[in-house]
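The values are calculated or read from the model by the stated rules, or taken from the named source; none is laboratory data. Fair warning: this is a prediction, and the values are worked out from it, not measured in the lab. Reconstructed Cβ throughout: ideal geometry from the backbone, glycine too, with neighbour counts over all protein chains shown. Just so you know, the surface numbers come from the protein's heavy atoms only, side chains and all, with ligands and any DNA or RNA stripped out. Shrake-Rupley method; radii C 1.70, N 1.55, O 1.52, S 1.80 Å.
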There are 2 protein chains.
Amino acid sequence: MDFTMYETLLQLPLFQGLGKNDITEILTAVRFHFKKIPQDSYIYRQDEVCQEIAFLLGGTVVADTLSYDKSYMLCEVLPVPHVVELYSLYGINPRYHASYRAVTETNVLTIDKSYLFELLSRYETCGINYSNIISTRSQYLHKRIWQDVTGGLRARFVQFVMQHCCRLGGAKTLHIKMEDLAALLYDRRINVSRMLNKLQNEGLVCLRRKEIEIPALEKLLNIE
Amino acid sequence: MDFTMYETLLQLPLFQGLGKNDITEILTAVRFHFKKIPQDSYIYRQDEVCQEIAFLLGGTVVADTLSYDKSYMLCEVLPVPHVVELYSLYGINPRYHASYRAVTETNVLTIDKSYLFELLSRYETCGINYSNIISTRSQYLHKRIWQDVTGGLRARFVQFVMQHCCRLGGAKTLHIKMEDLAALLYDRRINVSRMLNKLQNEGLVCLRRKEIEIPALEKLLNIE
């Protein structure tokens, strides 16, 4: 077995903690697909049925989530390696929550959904990893909802971004009209515009037409 | 095997779809504990480590969730049978999100957490049920966050209750001070008080000191 392949699999959240023999066994029992996704193309589209376990191994990938009413979109750069929406393989709505866009050429490793229970039943470590990943996701969303914010407009804006993000760090871009953001934050357009300009002066956001760029969300969270 | 026992297990979300032989096998391999919880006592406490799979079989149980800052509490009547926080057995914070209070004498069936992987690995149906339950939970919370509301104060109040509930129906009680609710809804105390009194006149809520009772959440959701 290729040492690099072994190392690669062990880095993936679903396989962490497995031994070399387990990995060798998995490589013979489970069909892995390697894909090279060209730059500027979509790996998966929001609302598409999720039928495979996918790991982003290298490259720069952005997750674009369009709101229900299609009025705004949040784009987040994902760290790699990244397992794509393991929580969307099953459940009442097994569809991607976001579109995954390869900004640079991206290496993706996929396993058909049908292998999941084989992995979980043969390797307890995989079962625990899987349970940990999807339980953490649900605990994380619950926390976002219950971490109420009662501060001013700036705090509400930060909470809005925080609630809608997959991860609380890195670069995000919010595509939104100022009046739509004002409605979501329950304030007047002029006040929202002033608040955002203040954040821009502090170097925390960068404003463009219908677009708010957040270079590092962790900096914005620290000001609270 | 007791027919009632067989019927009882098949009603539980984790075992739905299993055959009679599987259930018989499970009953010999897995240790089940039946408990009778006396009325007016807690089955589990919020923040306690979740170490067992628990099914509420009969009785009236209320889930009390205290907010992070301890300023308010939401109490919800749970329908039975109910599986208690399967999503809290694993993950980054494997603790109960709420306290479970037996309002009447309640029958609880529990299985130690250590049996989970035995069940998942031996019965694919259990594995799929488990994946469906916790994936649905995460999809459901994601939807709550992304279903933004841009309407007036009444819509914000309904959204606040909806986001914090486990299920979108049944009786809820919100223990909260009017000024704290006003801060959470970004409006003045007097406006919140007027909005709630209007809802009370429509029979949708019942107001008491530091307490808002919602007899049927589904009715409140229909007005939107």
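Which of the residues belonging to the stretch B:81-107 are of a type in the set (A, V, I, L, M, F, W, C) and open to solvent by 40 Å² or more (accessible area, probe 1.4 Å)?
In the first step, residues of the stretch B:81-107 are kept if they are of a type in the set (A, V, I, L, M, F, W, C); the result is B:83-84, B:86, B:89, B:92, B:98, B:102-103.
Passing the criteria: B:Ile92, B:Val103.
Looking at B:Ser114, B:Ser131, B:Ser99, can you tell me which residue is in contact with a Phe, Trp or Tyr (Cβ under 6 Å, 6 or more places away or on another chain), among the hydroxyl-bearing types (Ser, Thr, Tyr) and more than 9 Å from every other protein chain (Cβ to nearest Cβ)?
B:Ser99
Answer yes or no as to whether A:Ile26 is in a strand (DSSP E or B) and not assigned by TED's automatic domain parsing to the domain that holds A:Leu184.
Details: in a strand (DSSP E or B): no; not assigned by TED's automatic domain parsing to the domain that holds A:Leu184: yes.
Against the criterion (in a strand (DSSP E or B) and not assigned by TED's automatic domain parsing to the domain that holds A:Leu184), A:Ile26 does not qualify.
Pick from A:Asn222, A:Asn197, A:Asn191: which is of a type outside the set (Gly, Ala, Ser), free of Cβ contacts under 8 Å to residues at least 40 places away in the same chain and open to solvent by less than 50 Å² (accessible area, probe 1.4 Å)? Before you say what the answer is, go through the steps one by one.
Values: A:Asn222 fails: open to solvent by less than 50 Å² (accessible area, probe 1.4 Å); A:Asn197 fails: open to solvent by less than 50 Å² (accessible area, probe 1.4 Å).
Answer to the selection: A:Asn191.
Mind listing just one residue for me: the one in the stretch A:169-187 that is touching a helix residue (DSSP H, G or I) at 6+ places or on another chain (Cβ under 6 Å) and without any contact (Cβ under 8 Å) to a residue 60 or more places away in the chain and, of those, farthest from the other protein chains (Cβ to nearest Cβ)?
A:Gly169
Go through the stretch A:57-80 and report how many residues are within 14 Å of another protein chain (Cβ to nearest Cβ) and open to solvent by 10 Å² or more (accessible area, probe 1.4 Å).
The number of residues fulfilling the criteria is 7.
Only one of (1) buried (at least 17 other Cβ atoms within 10 Å of the Cβ); (2) touching a helix residue (DSSP H, G or I) at 6+ places or on another chain (Cβ under 7 Å); (3) facing chain B (nearest Cβ under 10 Å) is not met by A:Phe157, so which one is it?
In the conditions (1) buried (at least 17 other Cβ atoms within 10 Å of the Cβ); (2) touching a helix residue (DSSP H, G or I) at 6+ places or on another chain (Cβ under 7 Å); (3) facing chain B (nearest Cβ under 10 Å), A:Phe157 misses (3) alone.
Going residue by residue through the stretch A:109-131, is there one that turns out to be of a type in the set (Asp, Glu), more than 19 Å from the chain's Cα centre (by Cα) and either at pLDDT 95 or above or more than 30 Å from B:Phe117 (Cα to Cα) (or both)?
yes
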